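The values are calculated or read from the model by the stated rules, or taken from the named source; none is laboratory data. Quick caveat: nothing in here was measured; it's all calculated off a predicted structure. Methodologically, a virtual Cβ is constructed for each residue, glycine included, from the backbone with ideal geometry; neighbour enumeration extends over all protein chains shown. The protein model used for the area step is the full one, side chains on, heavy atoms only, and it has no ligands, DNA or RNA in it. Shrake-Rupley method; radii C 1.70, N 1.55, O 1.52, S 1.80 Å.
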Amino acid sequence: MDIHEYQAKQLLSEYGVKIAAGGLAYSPEDAVQRAREIGGHVWVVKAQIHSGARGKAGGIKVCKTHDEVSEAAEALLGKRLVTHQTGPAGKQCLRLYVEAGTDIAKELYFSLLIDRTHERIVMVGSAQGGMEIEELAENNPDAIKKIYIEPAVGLQDFQARKMAFALGLNADLVPQAVKLIQGCYRAMRELDANMVEINPLVITGHDELVALDAKMGFDDNALFRRQKISELRDKTQEDPREMAAADRGLSYVGLDGDIGCMINGAGLAMATMDMIKLAGGEPANFLDVGGGASAERTEKAFRMVLQDKNVKAMLVNIFAGINRCDWIAEGVVHAVKKIDMQVPLIVRLSGTNVEEGRKIIKDSGLPIIMAETLAEAAEKAVQARNEVVAGRYQPPASRDTITSL
C-alpha cells in the first residue's frame, strides 16, 4: 500500500525527520489559506498522487504570490497527471500539499528498502539527489552507496555514520544525518513499511537536513495490525478493480489485455499468462482465487474478471491439489448459471477428481470450451478471443436457451 507525500512526511516527522512547514488543500481557497498560515514569500504547490516524477508532469509549481498559489491550485485540482509510473491513464489529482519554499544548497538521495535476495534491509544513498534513482543507477552507478542491515541486529550507529559520510556531508551535519537515518529506520520497522524514500533530501542554506519529498510503501499483509496506517489508504489512487478484489479477499492485478484469467495459485497464474502471450494473446488480469475456491468465491471471481469491459474471452485454469476438481466444476457451473456470460469461457481442470469435474461441466449443457493441457487452453482462449473480435461469436440468447459449443 502506498501513501501520499504529505502522509509520509507526517509519519517521518514523528520519528525526528525534519520537514518544511506545509498544509493540505482541497480547493484554491484552501491553498491560499495554507500559504497565509505558513507565511513567507515563496510556496510550493504539490499535486498529491501516488507517483514519482510529478515535477516532470507539471504537478509541482513554485509560487511567489497568493494569486499564483490560487492559480496553481486551480490548474492542478482535477487534473490527470501522466508519468512513467502511472502509465498512459495517469492519476487524477484531488488534493494538494502547500509547502514553504526551502533555500536549497544541495540535493541528496536516501532510502531504505527490503532486499529479498539478500534477506536484508538495504540502505541506499547518493550525493546526487533530485533525480530518479533508476536513471542515476543506469548513468552513474558508482554514485550510489549501499549498506546492508542485518534485521536481527538492526541499524548500528557506525552504519548511519558511514552513510552520512557517503552522502558527502561535513562533520557538522553528521549528527543530524545519523538522527534522520535512525528515525527512518525506526519508522520502517515499527510501521511495517517495505520502503522509505527521501528524494531529495536537501541541505539548506542554514545547514539543516530537510526531507523535501518523501515516499513510503507498506506491506498489505501487515495492515490488520496497523490500523493507523490502514486509514491512510486513498482508494481513488488505486485501480478500482484491484481495490474491489482486495475488499473481497481476492488477489487481482489488472492488466491491459483482453483475455480474462481465473487461476488458483500464483505460480500457475504466471505460467498461464506466459502461455497466453506465447499463443499470441494478451492477459487482461492476474487473478489467484486460492486453494479454497467455493461456489461463492468462484462467482465473485467471475464477476471481478467480467466487470472489465475489455475482456473478450475468459480462461479458467485450475490445478486441484488441496482442492478438488469436482468442487471447482460445481463452482464454475454455479457461477455461469448466475452470470449472463457474453464472452467465450475456456476451462482446463487438472488434479484431484479431474474426471468427475469434467463430467460435471459436460453434463451441465453450458457453452464451456474444455481443454486438456495448459498450452491447449491458451490456444483455445486466443482463438475464442479472435472469434469475438472478428464478430463471429454469437453469445447465448439467455441462460435457458444455452446450447453446447
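Exactly one condition in (1) modelled with pLDDT of 95 or more; (2) within 30 Å of LEU255 (Cα to Cα); (3) β-branched (Val, Ile, Thr) is not met by VAL82; state its number.
(1)
Which condition breaks for THR204 when tested against (1) open to solvent by less than 40 Å² (accessible area, probe 1.4 Å); (2) over 29 Å from the mean Cα position of the chain (by Cα); (3) farther than 30 Å from ARG95 by Cβ; (4) not hydrophobic (A, V, I, L, M, F, W, C)?
The number of the failed condition is (3).
Among the numbered conditions (1) open to solvent by less than 50 Å² (accessible area, probe 1.4 Å); (2) part of a helix (DSSP H, G or I), tell me where GLY267 comes up short.
Unmet condition: (1).
Which one of the conditions (1) in contact (Cβ under 8 Å) with a residue 12 or more places away in the chain; (2) more than 30 Å from ALA105 (Cα to Cα) does MET243 fail to meet, given that it meets all the rest?
If we test MET243 against (1) in contact (Cβ under 8 Å) with a residue 12 or more places away in the chain; (2) more than 30 Å from ALA105 (Cα to Cα), just (1) comes out false.
So THR102 passes all but one of these: (1) touching a helix residue (DSSP H, G or I) at 6+ places or on another chain (Cβ under 8 Å); (2) among the hydroxyl-bearing types (Ser, Thr, Tyr); (3) in contact (Cβ under 8 Å) with a residue 60 or more places away in the chain. Which condition number does it fail?
Of (1) touching a helix residue (DSSP H, G or I) at 6+ places or on another chain (Cβ under 8 Å); (2) among the hydroxyl-bearing types (Ser, Thr, Tyr); (3) in contact (Cβ under 8 Å) with a residue 60 or more places away in the chain, only one is false for THR102: (1).
Considering VAL44, VAL62, VAL17, which residue is under 17 Å from LEU201 (Cβ atoms), of a type in the set (A, V, I, L, M) and in a strand (DSSP E or B)?
VAL44
Of the numbered conditions (1) open to solvent by 60 Å² or more (accessible area, probe 1.4 Å); (2) modelled with pLDDT of 90 or more, GLY281 satisfies every one except a single condition; which is it?
(1)
Would you mind stating whether LYS362 is out of contact with any Phe, Trp or Tyr (no Cβ under 9 Å at 6 or more places or on another chain), surrounded by fewer than 20 Cβ atoms within 10 Å (Cβ to Cβ), more than 24 Å from PRO240 (Cα to Cα) and modelled with pLDDT of 85 or more?
So LYS362 fits the description; yes.
Just to confirm my filter: which helices (runs of 4 or more DSSP H) fall fully inside the range 130-248 and include at least 2 residues that are among the basic types (Lys, Arg) and over 25 Å from GLU99 (Cβ atoms)?
Because the criterion is at least 2 residues that are among the basic types (Lys, Arg) and over 25 Å from GLU99 (Cβ atoms), the helices (runs of 4 or more DSSP H) in the range 130-248 that meet it are 157-166.
Considering only the range 65-109, state which residues are outside any loop (DSSP other than H, G, I, E, B) and of a type in the set (A, V, I, L, M, F, W, C).
VAL69, ALA72, ALA73, ALA75, LEU76, LEU81, LEU96, VAL98, ALA100, ILE104, ALA105, LEU108, listed by residue number.
In the list VAL332, VAL347, VAL343, which residue meets the criterion of being in a helix (DSSP H, G or I) and not charged (D, E, K, R)?
VAL332
Check the range 328-348 and report whether any residue there is under 19 Å from LEU268 (Cβ atoms) and open to solvent by 70 Å² or more (accessible area, probe 1.4 Å).
For the range 328-348, residues under 19 Å from LEU268 (Cβ atoms) and open to solvent by 70 Å² or more (accessible area, probe 1.4 Å): absent.
Which one is farthest from ASP220 (Cα to Cα) among residues in the range 1-44 that are of a type in the set (Val, Ile, Thr) and in contact with a Gly (Cβ under 9 Å, 6 or more places away or on another chain)?
In this case the residue turns out to be VAL42.
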